[in-house]
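Peer 1: Below: one structure in structure tokens.
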Amino acid sequence: MNLKKAMKRSLTIVLIPGAPRESRQWRVSAGFLWAVGAAGCLIIVANLFLTSSYLDKEINAEQGRRMMEENAALSEKLERLRWELADVSANYEALVSREIAIRELFELPEIDPEQRMLGVGGQISEPPILASRANEVAYQSGVEIDRLNRLARFELEKYAEIIEALSDKKRRLDHTPSIRPSRGWLSRGIGMKRNPFTGSMQYHSGIDLANRRGTPVVATADGKVSMARRNGGMGNMVIIKHGFGLVTRYGHLDKILVKSGSKVKRGDVIGLMGSTGYSTGSHLHYEVIRNGKSKNPLKYIIDINY
């Protein structure tokens, strides 16, 4: 009731201009003023709403442009990644080829291609539904990276096996007689020979190399001295155990330069040539024994110029 009365009231607006003009007045109802105020508020609110919508659209458009630029840059990076992965894959194939060549060179067991692929196998999930080219490239690149990682781990294991096998071969080679034990000329070979003292035929278990007294005598492979002393008819003698069933003997030495139990390397001087024991002159009696059986030492000499 009070609101209706208030709306029916009127206000008089008086405009008093400067002299000599007459003043003017208008009679306005309170309801009209309320209507004008409400309309003004609606206009302001509508203006704010429209301005906000416009700004939102501009911001969204800017964000969209930025996202498109970022997506384009990402797509370019992913394409470069694909090419780099192709290079990595090619390098891996070259690495495998070298591994195969090394195995053939050193007569190591080959890796079956199926075994190589099984070594990197595994459950492959269903590819997702991809919404863009960039997503597809990213997914395929991830799959390729995973594959190359597993291949690399497998290949590292195989190279570790190669290193172990070659290390074993090197140890065997280092401990296998392969050089002449001394400079000199072959005065007697292995086999049935006439004994210079008795004239009877008997088996000569090594070779004799003749040279001047004091000529250095060296170990023909890595090993451990098992005996270094005088030994009956062999005079001053050194015996070296090389492992892998191999033993070498050096007889008629003038001097022994190593002790029993000492380790020697191929080429180390172990004594000096002489004529101790049953000997007709300065020479070295040299034997190679493998698994308890005498072998022809000439087959264990590869440095023919020594």
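Peer 1: Just give me the residues in the range 260-287 being among the hydrophobic types (A, V, I, L, M, F, W, C) and in contact (Cβ under 8 Å) with a residue 60 or more places away in the chain, in sequence order.
Peer 2: Across the range 260-287, the qualifying residues are MET273, LEU284.
To keep it simple, each residue is scored yes or no on (1) surrounded by 15 or more Cβ atoms within 10 Å (Cβ to Cβ); (2) modelled with pLDDT of 75 or more; (3) under 21 Å from the mean Cα position of the chain (by Cα).
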residue: GLN63; (1), (2), (3): no, no, no
residue: LEU81; (1), (2), (3): yes, no, no
residue: GLU110; (1), (2), (3): no, yes, yes
residue: GLU126; (1), (2), (3): no, no, no
residue: ARG133; (1), (2), (3): no, no, no
residue: GLN140; (1), (2), (3): yes, no, no
residue: ARG150; (1), (2), (3): no, yes, yes
residue: GLU155; (1), (2), (3): yes, yes, yes
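Peer 1: Within the range 200-223, which residues are assigned to a strand (DSSP E or B) and polar (S, T, N, Q)?
Peer 2: Residue satisfying the conditions is GLN202 alone.
Peer 1: Let me ask another. Just the residues that are closer than 22 Å to ASP268 by Cβ, crowded, with 18+ Cβ neighbours inside 10 Å and not aliphatic (A, V, I, L, M), please, taken from the range 181-207.
Peer 2: PRO181, SER182, GLY184, GLY206 - these are the residues of the range 181-207 that are closer than 22 Å to ASP268 by Cβ, crowded, with 18+ Cβ neighbours inside 10 Å and not aliphatic (A, V, I, L, M).
Peer 1: Do you know which residues across the range 181-190 are in contact with a Ser or Thr (Cβ under 9 Å, 6 or more places away or on another chain) and farther than 11 Å from LEU284 by Cα?
Peer 2: Passing the criteria: only ILE190.
Peer 1: Related question: Take the conditions of a type in the set (A, V, I, L, M) and in contact with a helix residue (DSSP H, G or I) (Cβ under 7 Å, 6 or more places away or on another chain) and apply them to VAL218. Does it pass?
Peer 2: Judged against the criteria, VAL218 is not a match.
Peer 1: Cβ-Cβ distance below 6 Å, separation of 6 or more or different chains: which pairs start in the range 93-111 with a residue that is outside any helix (DSSP H, G or I) and end on one that is surrounded by 11 or more Cβ atoms within 10 Å (Cβ to Cβ)?
Peer 2: These pairs meet every condition: LEU108/ALA165; GLU110/ARG103.
Peer 1: Among the small types (Gly, Ala, Ser), assigned to a loop (DSSP other than H, G, I, E, B) and surrounded by fewer than 18 Cβ atoms within 10 Å (Cβ to Cβ): is that true of GLY261 in this structure?
Peer 2: The answer is yes for GLY261.
Peer 1: Is it true that some residue in the range 161-174 is farther than 28 Å from ALA219 by Cβ and either touching a residue at least 40 places away in the same chain (Cβ under 8 Å) or not assigned by TED's automatic domain parsing to the domain that holds ASP222 (or both)?
Peer 2: Yes: the range 161-174 contains one or more residues that are farther than 28 Å from ALA219 by Cβ and either touching a residue at least 40 places away in the same chain (Cβ under 8 Å) or not assigned by TED's automatic domain parsing to the domain that holds ASP222 (or both).
Peer 1: Could I ask something else about it? Taking the criterion of being modelled with pLDDT of 95 or more, under 48 Å from the mean Cα position of the chain (by Cα) and in a loop (DSSP other than H, G, I, E, B), would at least one residue in the range 224-242 satisfy it?
Peer 2: Within the range 224-242, not a single residue is modelled with pLDDT of 95 or more, under 48 Å from the mean Cα position of the chain (by Cα) and in a loop (DSSP other than H, G, I, E, B).
Peer 1: Considering VAL225, VAL217, which residue is within 15 Å of PRO297 (Cβ to Cβ) and in the same structural domain as THR280 (by TED's automatic domain parsing)?
Peer 2: Testing whether each residue is within 15 Å of PRO297 (Cβ to Cβ) and in the same structural domain as THR280 (by TED's automatic domain parsing) leaves just VAL217.
Peer 1: Name the residue, out of THR248, THR276, THR280, that is outside any strand (DSSP E or B), at negative phi, crowded, with 18+ Cβ neighbours inside 10 Å and not charged (D, E, K, R).
Peer 2: Going through THR248, THR276, THR280 in turn, the sole match is THR276.
Peer 1: Another one. Could you pull out the residue among LYS299, LYS255 that is free of Cβ contacts under 8 Å to residues at least 12 places away in the same chain and not small (Gly, Ala, Ser)?
Peer 2: LYS299
Peer 1: Assuming ASN291 fulfils every condition listed in (1) at positive phi; (2) touching a residue at least 60 places away in the same chain (Cβ under 8 Å) apart from one, which condition is it?
Peer 2: Of the numbered conditions (1) at positive phi; (2) touching a residue at least 60 places away in the same chain (Cβ under 8 Å), the odd one out for ASN291 is (2).
Peer 1: Given the condition at pLDDT below 95, in a strand (DSSP E or B) and farther than 29 Å from LYS263 by Cβ, answer yes or no: does some residue in the range 177-185 qualify?
Peer 2: Yes: one or more hits.
The values are calculated or read from the model by the stated rules, or taken from the named source; none is laboratory data. From a predicted model like this one, the values you see are computed outputs, not experimental measurements. FYI the Cβ positions are ideal-geometry reconstructions off the backbone, even for glycines, and counts take in every protein chain you see.
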